[in-house]
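Participant: To start, I am sharing the structure in question, which I have written as structure tokens.
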Amino acid sequence: MTQTTTRRDFLRHLGISAAAFPFICNLPSLGFESSQARKQRLIILFSPNGVVRKNFWPNEAGELNEFKEILKPLEPFRDRTLVLNGVCDKIRGDGDNHMRGMGCLLTGIELFPGNIQGGSDTPAGWASGISIDQEIKNFLQSQPETQTRFGSLEFGVVVPERADTWTRMVYSGPNRPIAPIDNPYQMFRKLYGGVKDQESLKSVLDIVSADLKKVESMVSAEDQKLLLEHASFVRQMEQEITAAQKNPMTHAIPQLDPGVVVANDNLPQLARMQIDLMVNSLVSDFARVATLQFTHSVGQARMKWLEIDETHHTLSHEPNSNEDAQTKLTKINQWYCEQLAYLVQKLADTPEPGGQGSLLDNTTVVWTNELGEGNSHTLNNIPFVLIGNGLNFKMGQSLKLGSVPHNRLLMSFAHAMGHHIPHFGNASFCELGPLNLG
Amino acid sequence: MSIYFQDIRAYSFFWKPEKGSQRIRCRRLTSASLILSSLWLLCGPLSAADPGSPPTLDGAAIFQAKCAQCHGAAGEGTKDYPISLTGDKSIHELAKVIDETMPEGEPELVSREESEALAAYIHDAFYSPIAQARIKPATVEFSRLTVRQFENSVSDLLLSFRGRQSNSTEQGLKAEYYNLRSFNKNKRVIERIDPIVDFSFGAEKPEGFPTEPDMEKRRSDDIHDNLEFSIRWQGQIFIPETGDYEFIVESENGVRLFVNDPRKPLCDAWVSSGSDTIHRNQIHLLGGRRYQIRLEFFRYKQKTASIKLKWKRPQHVEELIPTRFLFTDRTPEQFVLTTPFPPDDRSVGYERATSVSKGWQDAVVQASLETADYVVDRLNSLAGIGDKNSPEERTQKIRQFCKKFVERAYRKTLSPDEIKMFVETPLADVPSETGVKRVVLLTLMSPEFLYREHGRNQFDDAAMASWLAFTLWDSLPDDQLLEAARKNELRTREQVTRQVDRMLQDPRTRDKLNQFFTQWLRLDRMPEIVKSQELFPDFNARIVSDLRDSLELFLNELLESPEADFRRLFLDDSLYVNGRLSQFYGGELAADAPFEKISFKEKARSGVLTHPLLLAGFAYDQESSPIHRGVFIARSLLGRRLKPPPEAVAPLAPDLHADLTTRARVLLQTSADACRTCHYMINDLGFSLEHFDATGRYRELDKDHPVDAHGVYLNRAGVEVSFAGSEEISEFLVAAPEVHEAFVEQLFQFTIRQPIRAFGPDELTLLAEHFRSHQFNIHGLLKEITVDSAMKMKSIEEESLRTAGNSAEKTEK
């Protein structure tokens, strides 16, 4: 399949006037690439309330030989997985551990003092700095070779409508949280809005033309001119849409199942829809950075499909001695890992457009959490599981790093993407530079 | 700027194009006019005639000899060249074209002088738009919805599915105060009405709160602050004119403001973070309507607490939202389009929608898509679908909603064929959301929605309902009108009058009247009013904002009174002033006093003519401008059609003539003969207001000379009227028949958007007579305009149907 090289050529090829552009500018780009360097992508997946440590962390450092229960779904990808133990969120300041767990996770910087009270500590506001995904996105967008239509996309799955420190982890700057889109139809509209509109328009234009003719027959000759002119514009639009639709796409526009309401019970289906949209958007090169947020900090998912009737956060407060809670929490975390595996599998199965190998060869997915453990609310040993070869790290490993500030890991992400920042977030935690994971 | 051949109205005649009598009543071709005509042609590179040269060639004769063969005797065209010779080139441009290219293939057959004469002749005889308006009798023009009508219609269409808007009169917002930072019903301590949201609580709780910490925890592990509390204000905000409104909440605490959309806050500062304490956002809203507003506030572990709710209206400065715009009742959510449209043609003095363009068509499609997305998103509430409805019930309700949607949009009962075409076909074989989207798209893109009913040779009851609604509201007929149409109760004058009486009470009618006054008083064309800071250090944007409020309060009072006496616009000697305005214009109010009506009789105030907003608007930054004021009086009040000046002349710089008064300087500036023909009239009208300086303040002296405010005007009856000062000219104007007619004509054409002469050559005189004999009641005039035009439309359509039927027999299609 031929690929046009510039957007203008693309439009010329379609024979579409500038006036029709509003309708087709939402069509997927056809991979306008001019550089030969491989693409690099970063995806960050978030789930809340910590993990059951004994069922999560590999026992030994070194080669990854085996996965414990929670990470079992990643078995097919063991050689491309990197488990990092000892990465700690050392940011203190205002807000309780959940708020700081969420708000400082990707920003590595303190929250502003504010008026939102958590379960303990002082009230807090928003994070006082940019998050690493946006930092990297800005870098990529600043260079023509790595520019994409959106730069980054923020997905969510059943995120509450309210905007506060528990529901936001992505920041474009201090006090500038970015809301994830948790409605797949809304996300679809953002990515492909114009296309669906075109189909609907096409279906009604015939009737409009017929109606215009009917009215024409009722008015004077003089007035007919007005209607004829109007009819000519309608016809023109019809032609433009037909031309746009004739153009072969290099990849299909995803079909969404209609009528799925954003609600707890539909979490599994929504997760699939969002992941499908995300992979599709990577294929279309709409963005090279993406985040997927499952619920929110203190998220209360009720996983009835796993026969768990209690809510996640409530369960996570149970002491470790409560075996039943531990089992359920393990199941919940494993279920999140299954979603991760679904995403990774799709990436592995999708060829890299215009390149070698699969999407997974050029993408690194990071699964992380706000807390190390739900009941103690510890911010030490934040779970970080990396899969994929997007960042040139040495994979197939389990590392025990002692107790390093997570700022250094965030810096590693940036450096691996070619963005050599000297520090990130609270600079006092960055003195030893990025972690060496290559 | 084009240069028109100007008819000499040196004395007497007030020229209007009359239907039937195509010519001007008296055109005097004096030698002066010929000199002038050659003077004007001086302005272009072509002509080199010097003043005083002998009379030129006979353009009409040359035309008949050399041009009529192809162009027709009156430029109407012939079989060889069937295009009429009309357009908007200037005489100068025409002369050039003729000289260089005509006759076709043999341009040398016409000399340069002949070209000039030809251009002058054809321009006036039939070429120019003015000549055309003279020749072709005025007709009711087939038209589409104007942009404003489109926006209003879509908004009202969706509102019709949500229940009525309440128009209760209780002002202020309902306030609920809670003794906890959540809005916990058990902790509601105060319920009252707050007229304005402007509170500084300091480090305390609001007055009236229990003094003991009455802290019952919400949950077992909840943390509290003894000083925490929350407040919710809700109600309606009245929007006085269509435009973009900026809402501002100032608070160091957590606040959330919802305007119109109850789900997504317009300003979301619930999380106080950093030092941002001013939160603002903009929203587009339609005039004459009330929108729901809800403000939520809480204070938690913060040193101080305060809140201010402000807005910035179009062309006003930021201010606390005044009580008069706030009401305590609830109102449903409304839909307001944000798609921008290309503006409608206003070249004839009213917004006219008799042309289409690609830009307009694209905007229609975008707006339809925007509306369709909204409808699909809110489908359940619009169609009345509940959780308990079965899928069959849901489908049924959707179909019902679609049918009603189309009926209301097309403002008529649908035939079975139409139901099939517009409802069932788009809904068939697709998921319901897609189907609904298609119905909305189809409906809003259809000519049945986009075009007005008149001109289709069938002015039936539905068309009558539409006519009334678009005239008074610029929007769709409501259910009561549609019902009356269905029951054949819109046939007689009495029936129509009854509906109009009801419709006059609707706030949308008031909104349309307000729009009219904005145009009539030229407020929409005034540039930003800025004055010299050296001369007028206390005149600033806030004063201008206050002046707009002052005028608005006056007009509101006038229109709210049942008498709505037009004469008050000229004779009222009072002004609404607040403390700030009082400091500047007089009135002895305290510096922070609210608006009050004060008499300014000693200061020669007399109606709108002397309202400082107009006086300051029609002025330069240092000096008054009698020319601008005179043009306003001539055009808006006296209804004169002034052509642009023949030469573009820059005003004489005041400092170059430092010892001249404004009057003297203007006389000097307009002393050339070419200027005198209009300016002798314009100047005197403006001079009558010379007692008011550039800021509209009264003065006795101008540059140490006593102000000379006398002037004369030759009225339509041929009598030279003289006046000295604003009160005398106002008295003259209020009694002058031409002023009554000018007002009637402008109001008619503004509301109906059609030339008044299309409704009969006597329509204007009849309406003006009615106006005079009914105590100049503006509401009465509007009613008469609406009812009379509606009844006349019926007969006009019946008449044209008959003639069309006759001519159809004669011509072939």
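Participant: With no solvent and one point on each alpha carbon, what is the Debye value of log10 I(q)/I(0) for chain A at q = 0.13, 0.14 Å⁻¹?
Facilitator: At q = 0.13, 0.14 Å⁻¹ the computed log10 ratios are -1.13, -1.28.
Participant: What are the equivalent ellipsoid semi-axes of the range A:85-157, built from the alpha-carbon gyration tensor (square roots of five times its eigenvalues), in whole angstrom, biggest first?
Facilitator: Rounded to whole Å, the semi-axes are 29, 13, 11.
Participant: Sticking with this structure for a sec: Return B:Asp659, B:Asp573 ranked ascending by Cβ neighbour count within 10 Å, so the fewest neighbours appear first.
Facilitator: B:Asp659, B:Asp573
Participant: Counting residues in the range B:187-313 as N, plug N into 2.2 N^0.38 Å and put the Cα Rg over that result. Present the calculation step by step, with values, prior to reporting the outcome.
Facilitator: Numbers: Rg = 15.9 Å, N = 127, 2.2 N^0.38 = 13.9 Å.
Expressed relative to 2.2 N^0.38 Å, the Cα Rg reads 1.15.
Participant: Hey, another quick one. Output the pairs from A:Lys246/B:Lys397; B:Lys79/B:Lys136; B:Lys174/B:Lys301 with a Cα-Cα distance over 28 Å in this structure; if there are none, say none.
Facilitator: Numbers: A:Lys246/B:Lys397 37 Å; B:Lys79/B:Lys136 21 Å; B:Lys174/B:Lys301 26 Å.
Result: A:Lys246/B:Lys397 exceed 28 Å.
Participant: Also, I was wondering about something else. Mind checking which lysines have their C-alpha under 27 Å from A:Lys304, skipping anything on the same chain fewer than 8 residues away?
Facilitator: Correct list for A:Lys304: A:Lys54, A:Lys68, A:Lys72, A:Lys328, A:Lys331, A:Lys346, B:Lys388.
Participant: If you take the square roots of the eigenvalues of the alpha-carbon gyration tensor of the range A:332-438 and sort them as a ≥ b ≥ c, do you get rounded (a/c under 1.5), prolate (a/b over b/c) or oblate?
Facilitator: Here the range A:332-438 falls in the oblate category.
Participant: Give a quick list of GluC sites (Glu not before Pro) in the range B:691-734 that DSSP marks as loop, anything other than H, G, I, E or B, with at most 15 other Cβ atoms within 10 Å.
Facilitator: When the GluC sites (Glu not before Pro) of the range B:691-734 are filtered for loop state and at most 15 Cβ neighbours within 10 Å, B:Glu700 remain.
Participant: Checking the a/c ratio against 1.5 first, then a/b against b/c, what shape does the Cα gyration tensor give for the range B:518-677? Walk me through the intermediate numbers first.
Facilitator: Details: a/c = 2.30, a/b = 1.42, b/c = 1.62.
It is oblate, given that a/c is not under 1.5 and a/b is not larger than b/c.
Participant: A follow-up question, please. Please arrange A:Cys88, B:Cys70, A:Cys337, B:Cys402 by counting, for each residue, the other beta carbons lying within 10 Å of its beta carbon, fewest first.
Facilitator: B:Cys70, A:Cys88, A:Cys337, B:Cys402
Participant: Another question about this same structure. Using a Debye calculation, one point per C-alpha and no hydration shell, please list log10 I(q)/I(0) for the range B:437-550 at q = 0.11, 0.13, 0.23 Å⁻¹ in order.
Facilitator: Debye curve over Cα of the range B:437-550, log10 I(q)/I(0) at q = 0.11, 0.13, 0.23 Å⁻¹: -0.58, -0.70, -1.26.
Participant: How high is the relative contact order of the range B:287-394? Use alpha-carbon pairs under 8 Å, at least six apart in sequence, and give a whole percent.
Facilitator: For the range B:287-394, the relative contact order is 18 percent.
Participant: If you don't mind, there's one more thing I want to ask. Which whole-number percentage describes the relative contact order of chain B, with Cα contacts under 8 Å and a sequence gap of 6 or more?
Facilitator: 11
Participant: A further question follows. With the cut-off at 31 Å, tell me which of the pairs B:Lys185/B:Lys310; B:Lys308/B:Lys404; B:Lys264/B:Lys597; A:Lys90/B:Lys264 have Cα atoms farther apart than that.
Facilitator: Beyond 31 Å: B:Lys308/B:Lys404; B:Lys264/B:Lys597; A:Lys90/B:Lys264.
Participant: Please name whichever of A:Thr148, A:Gly114, A:Ile136 sits farthest to the positive end of the charge dipole of the range A:75-150, dipole taken about the Cα centre and charges placed at Cβ: Lys and Arg +1, Asp and Glu -1.
Facilitator: A:Thr148
Participant: Then there is this: Per DSSP H run of n ≥ 4, the term is -39500 (n - 2.57); total these for the protein assembly as shown, divide by its residue number, and report the mean residue ellipticity at 222 nm rounded to 500 deg cm²/dmol. Mind showing how you got there, number by number?
Facilitator: On the way: 38 runs with 464 residues, N = 1251.
Calculated mean residue ellipticity at 222 nm is -11500 deg cm²/dmol.
Participant: How large is the convex hull of the C-alpha atoms of the protein assembly as shown per residue, in Å³?
Facilitator: Working: hull volume 280.3 nm³, N = 1251.
That works out to 224 Å³ per residue.
Participant: Using θ = phi - 60° and the Karplus curve 6.51 cos²θ - 1.76 cosθ + 1.60, what whole-Hz ³J(HN,Hα) does each residue of the range B:661-677 get, with Gly and Pro shown as x?
Facilitator: Couplings: 6, 4, 4, 5, 5, 5, 4, 4, 5, 9, 7, 4, 4, 4, 8, 4, 4 Hz.
Participant: Only loop residues by DSSP count here, and only those with at most 10 other Cβ atoms within 10 Å; note down the GluC sites (Glu not before Pro) in the range A:124-190 that meet that.
Facilitator: Filter output for the range A:124-190: A:Glu161.
Participant: Convert each backbone phi in the range A:39-56 into a coupling constant with the Karplus relation 6.51 cos²θ - 1.76 cosθ + 1.60 (shift: θ = phi - 60°), then list the ³J(HN,Hα) values in order as whole Hz, x for Gly and Pro.
Facilitator: 6, 10, 10, 10, 10, 10, 10, 10, 9, x, 6, x, 10, 8, 4, 5, 9, 10
Participant: Most fluctuating residue of A:Ile116, A:Ile136, A:Ile91 in a GNM of chain A with Cα springs under 10 Å: which is it?
Facilitator: A:Ile116
Participant: Using only the Cα atoms, work out Rg/Rh for the range A:391-432, with Rh taken as the Kirkwood radius, to two decimals.
Facilitator: With Rg and the Kirkwood Rh in hand, the quotient comes to 0.99.
Participant: Assign unit charges at the C-beta atoms only (+1 for Lys and Arg, -1 for Asp and Glu), then state the dipole size of the protein assembly as shown relative to its Cα centre in Debye, rounded to the nearest 20.
Facilitator: With only Lys, Arg, Asp and Glu charged at Cβ, the dipole is about 1620 debye.
Participant: Follow-up question, since we're still on this one. Show log10 I(q)/I(0) for the range A:285-333 at q = 0.22, 0.23 Å⁻¹, two decimals, from a solvent-free Debye sum over equal Cα scatterers.
Facilitator: -0.76, -0.81
Participant: Checking the a/c ratio against 1.5 first, then a/b against b/c, what shape does the Cα gyration tensor give for chain B? List each step's numbers first, then the result.
Facilitator: Values: a/c = 2.20, a/b = 1.35, b/c = 1.63.
Since a/c reaches 1.5 but b/c is at least a/b, the shape of chain B is classed as oblate.
Participant: Given the convex hull over the Cα atoms of the range B:97-178, what projected area results after averaging over all orientations, in nm²?
Facilitator: Spelled out: convex hull of the Cα atoms, projected over all directions, averaged, 14.1 nm².
Participant: Exposure proxy check: B:Leu441, A:Leu106 ranked by fewest other beta carbons within 10 Å?
Facilitator: Lowest to highest Cβ neighbour count: B:Leu441, A:Leu106.
Values in this text are rule-based calculations from the coordinates and carry no lab data. Keep in mind that what you see is a predicted model, and the values were worked out from it rather than measured. Every residue, glycine among them, receives a Cβ derived from its backbone with ideal geometry; neighbour counts consider all protein chains shown.
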